[in-house]
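Chemist: Before we start, here is the structure in question, set down as structure tokens.
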């Protein structure tokens, strides 16, 4: 049997240094995406006052964004599996920059136009989020891929927290909420340049690779004196990202890191293929449940704390500095909890796979870690909501712990997807998971929770009624999180077989064996498949 051995280069080599630069660019754009998502949440009460809308309409802002996002995600995924990915990302970011900045110019009597702009923002973000992880998958294998994905998904909590803080403080400094969202388009332009002129699109299969938004939105709104400026912050940064994507980022060859055989297929064939993978279906259901929970908590938790503050102070008006303080705390908690959760989740999964200290080697480690995070988060988030009424400090502590548990699966779930799906179908797999998770996750949850809150409150608009109605509505996500744990536990029964099957499919018919050996001496999925051994 003839084997082709490929020894992984050290990280200090020129090739790997360039790959690390690519990951940094992708991380920056992802950071900006999540920062923009939550600048609006950082100035939500100002936007409600500006457009004169209730909780259900405020929740609709996130819903319309996610609806557009999920509708275009499969399209972008299909294109990402077949065409130059860096051009797709640059085009999407350009649309995003224009839409975000335009949304900050909408007059108060045109709420429908503001909704439309937020929807178009989702179109731009769909082009990036479905394609970027596949570039990482095509640059790295094994532990390096897991670590790179972990770094990439740090952007979710950090970007969310920054968006909230920057939006709130920019709004306060500038005296208008609009300035909270005008910062990201500038950075978006830089990202477009980097993507076009620095980033490469790797060969497919060659490797086989939320807290800032709150703070930005809230503080931009407070500093500017108007919520509009919190929305105008992210398009400015988005322009920088567009520049970075266009001029720095390269699109790696699909499957390059996996040294994989890649063949053409239709979109329908791709979808049928994905739904025949039990682990993919179950992990998508589990991930969707977590997205439902994090989506509504990220959108409504700061508002709940504001209502609690107003209730205890016997007023219906919350000063801008208090709102900014709440946004700052929540943003910092989101950043830290997300970083902690992603780091612990990815590290625990990697250590558990190979065996570490008291942990025996576990081939099912990835779904087990995801299930563990979901089930631990249930009692912690329940206590956070309970303590929100009278014990703000305890509420913040349990939010920190609960969000950390929910974030255990962000990088692990994507890593699992990358090794159970062949390279030429990864963008489609990511897009379909994005579509499903957002349709039944954070596209539905903010509006649903707002609707339940309005239904419980009825015609009573007192601060006390607003608080207890929203608090009661926020108990719903706890039951959904239990379902997430169940789905991931079921996925653990099929993950080993599905990974081995994908590894076998990546072998070229013309090749007897393709062996990729990591410098850490761990065997690759391809070698495992050849030897008919478990993938770890």
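The values are calculated or read from the model by the stated rules, or taken from the named source; none is laboratory data. In this text, all values refer to a predicted model and were calculated from it rather than measured experimentally. Heads up, the Cβs are rebuilt from the backbone with ideal geometry, glycines too, and the neighbour counts pull from every protein chain shown.
Chemist: (1) buried (at least 16 other Cβ atoms within 10 Å of the Cβ); (2) modelled with pLDDT of 90 or more: which one isn't true of residue 482, the others all being true?
Modeler: (1)
Chemist: Going by what's in this entry, would residue 329 be described as surrounded by fewer than 17 Cβ atoms within 10 Å (Cβ to Cβ), under 27 Å from residue 397 (Cβ atoms) and at pLDDT 80 or above?
Modeler: So residue 329 does not fit the description; no.
Chemist: Among the listed residues 427, 437, which satisfies the condition of being modelled with pLDDT of 85 or more and crowded, with 24+ Cβ neighbours inside 10 Å?
Modeler: 437
Chemist: Same structure, new question: Please verify whether the range 487-494 includes one or more residues that are more than 22 Å from residue 355 (Cβ to Cβ), modelled with pLDDT of 90 or more, in contact with a helix residue (DSSP H, G or I) (Cβ under 7 Å, 6 or more places away or on another chain) and buried (at least 21 other Cβ atoms within 10 Å of the Cβ).
Modeler: Checking the range 487-494: at least one residue is more than 22 Å from residue 355 (Cβ to Cβ), modelled with pLDDT of 90 or more, in contact with a helix residue (DSSP H, G or I) (Cβ under 7 Å, 6 or more places away or on another chain) and buried (at least 21 other Cβ atoms within 10 Å of the Cβ).
Chemist: I would also like to ask the following. Scan the range 73-83 and give yes if some residue there is in a helix (DSSP H, G or I), more than 16 Å from residue 432 (Cβ to Cβ) and touching a helix residue (DSSP H, G or I) at 6+ places or on another chain (Cβ under 7 Å), otherwise no.
Modeler: Among the residues of the range 73-83, not one is in a helix (DSSP H, G or I), more than 16 Å from residue 432 (Cβ to Cβ) and touching a helix residue (DSSP H, G or I) at 6+ places or on another chain (Cβ under 7 Å), which makes the answer no.
Chemist: Out of the residues in the range 170-197 meeting the condition of being part of a loop (DSSP other than H, G, I, E, B) and either more than 22 Å from the chain's Cα centre (by Cα) or modelled with pLDDT of 80 or more (or both), tell me which one is farthest from residue 300 (Cα to Cα).
Modeler: 175
Chemist: Turning to a different aspect of this structure: Is there a residue in the range 506-523 that is part of a helix (DSSP H, G or I), modelled with pLDDT under 95 and in contact with a helix residue (DSSP H, G or I) (Cβ under 9 Å, 6 or more places away or on another chain)?
Modeler: No - not one qualifying residue is present in the range 506-523.
Chemist: Restricting attention to the range 23-53, which residues are closer than 21 Å to residue 456 by Cβ and modelled with pLDDT under 80?
Modeler: 44, 45
Chemist: If the requirement is being touching a strand residue (DSSP E or B) at 6+ places or on another chain (Cβ under 9 Å) and either within 30 Å of residue 44 (Cβ to Cβ) or at pLDDT below 85 (or both), which of these qualifies: 300, 229?
Modeler: Answer to the selection: 229.
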